[in-house]
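Every read-out reported here was derived from the displayed coordinates using simple, explicitly stated rules and does not represent laboratory data. Just so we're clear, the structure is a prediction, and the values are computed from it rather than from any experiment. Positions of Cβ are generated from backbone atoms using ideal geometry, with glycine treated the same way; all protein chains shown enter the neighbour counts.
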Amino acid sequence: MIEDAFRLAAQAQNPIPRHGGVHTDTRQGIVAVAHNSGLDTLTLQTTAVRIMRPIDPRRARELFEEMAIPQFGPFSGPLGCQDALAPVFSARYETLTEVAASGFSPRELKEEAHIQWFEDQVRVIRSSFQIEPVMKFILTLPVTPAQRQRLLDAFAVTLASVSVSAEDRAFSNFALDDGLVAAAGKAAEAGLRITSLVPAIRAYLIRRLQFARCKLSGEQEPKFEQRIVDGFASLVRAYALDLRPISEDERKPVRTEEPYRLVDFWQSSRSKELLEKMRWLTHGNRELPGDKRFFTLEERSTTEWNERYIEFVKMLEGWAESEEESPLDYFHMKAMAYGVIARLAPPGAARDRGLRSFLAYLDERYVHVENHMEWFVPVLRLLNEARYTKDAANRTYLLDEMAQSGNVIIATYARLLQLAL
């Protein structure tokens with residue numbers, strides 16, 4: 001069963017999780033939320049390997065060896081300035097560390113076959129976003145100092161080669177340069193030689209600085225560039241290394257490109273009006289401290305609240321896809337609005353109709369949302385509403401309704417949660 005799950009994971013639409021510091025009321029933010037669901041190939045396969053490890057350590061290692069280095073879906077090359085989200089490789093190297101603890105026989109350990117295997121893993125890195133987790137793997141792996149030095153030197157050779165991408169987006173939004181310089185300092189503090197690593201970092205940072213640059217504001221640009229140069233210079237000074245600083249000529253980019261544009265939700269007149277109605281239903285726009293501003297169940301059972309709720313539902317059901325910039329934006333905003341019904345509507349016929357309309361809408365839209373991990377976002381939110389509510393009756397109600405959904409995915413997840421709780 002574990003191996004079946006491992007094989008099926010290769011068919012996931014998304015090869016690797018992607019994260020970024022963008023708020024969730026945007027097109028890019030919803031994608032980031034979707035990637036937190038753990039339904040990408042990397043997360044699913046590493047989970048299978050981790051489950052297999054205590055059962056059969058060697059088989060877990062063999063499964064890990066079958067895992068391909070993930071490509072980044074629609075952007076199989078270096079990350080571009082228009083890409084708001086970055087790939088996250090940490091699960092691969094965290095799992096590699098776990099496999100290292102028990103995946104080799106005493107004879108293999110004596111012959112250092114495990115070190116060769118780790119070295120092979122280090123030498124295949126191709127993306128800037130692998131650098132930080134690989135360095136963490138090297139510095140935390142339970143090996144001898146000499147073996148760790150061997151891995152660090154292999155990393156330095158790989159880093160200095162042109163095979164590792166040096167895209168600007170890896171730095172301008174995710175600060176990997178700071179992590180790389182800091183990791184070199186930690187290696188030195190651990191007693192490792194960094195005489196081969198620091199020149200490799202220098203070569204890499206120069207490639208990064210000369211890469212096509214994502215345009216920042218006039219004030220940010222020089223500060224950001226100088227931070228990289230100063231960080232490297234501090235490293236060289238701290239360990240008295242015979243390396244010259246990065247010069248003005250070495251930091252000139254080949255070109256600058258426009259950064260990505262966040263696409264905000266709730267910009268059309270209809271969606272803005274719905275958003276205001278959602279806010280009122282949540283707290284009445286009251287200026288009260290903390291949670292006290294949110295309506296209680298008793299307050300949500302008043303005539304005024306019910307009248308506003310009915311008005312909200314009518315507007316929601318009359319909302320047309322053509323009113324929004326894209327069908328996917330419309331889907332996510334409408335699902336968020338329907339979520340108000342599940343979270344706030346008091347028990348009764350109106351809530352029943354609203355929740356069932358929501359579940360029917362999700363079922364109907366499944367074939368229309370190309371990335372099913374994005375489609376799953378409102379389903380997961382509804383499941384979490386049931387999981388974390390303090391009201392046992394509300395939990396039972398939500399899960400019972402979801403379990404009766406005509407969509408097999410919604411129904412299956414609801415039944416699994418019913419068994420778990």
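Summary table
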| quantity | calculated |
| --- | --- |
| Estimated distance in nm for a label pair at S37 and E273, the labels positioned 7 Å out from Cα along Cα-to-Cβ | 3.1 |
| Packing-based order for 203-214, 136-147, using average beta carbon neighbours within 10 Å, highest first | 203-214, 136-147 |
| All lysines inside 23 Å of K277 as judged from Cα atoms, apart from same-chain residues fewer than 8 positions distant | K292, K314, K334 |
| Efficiency of FRET between D352 and V408 - r from beta-carbon atoms, R0 35 angstrom, step 0.05 | 0.95 |
| GluC sites (Glu not before Pro) within region 339-421, DSSP loop, no more than 15 other Cβ atoms inside 10 Å | E370 |
| The chain: relative contact order as a whole-number percent, Cα under 8 Å and 6+ apart | 13 |
| Added length on full extension, which subtracts the Cα-Cα distance from 0.36 nm per residue, A68 to N384 | 110.6 nm |
| Net length gained if the chain between E94 and S247 were fully extended (0.36 nm per residue, minus Cα distance) | 51.4 nm |
| Gained length - R286 relative to L421, 0.36 nm times residue gap less alpha-carbon distance | 45.1 nm |
| For region 2-257: lysine pairs under 27 Å (alpha-carbon distance), excluding those fewer than 8 apart on one chain | 6 |
| Computed label-point distance, nm, for sites A182 and L297 using a 7 Å Cα→Cβ extension | 4.5 |
| Answer label, with mean projected area of the Cα convex hull in nm² calculated from the coordinates and candidates (i) 27.2; (ii) 17.0; (iii) 24.7 | (iii) |
| Estimated FRET transfer efficiency when R0 is 25 angstrom, pair T140-Y239 (beta carbons, to 0.05) | 0.75 |
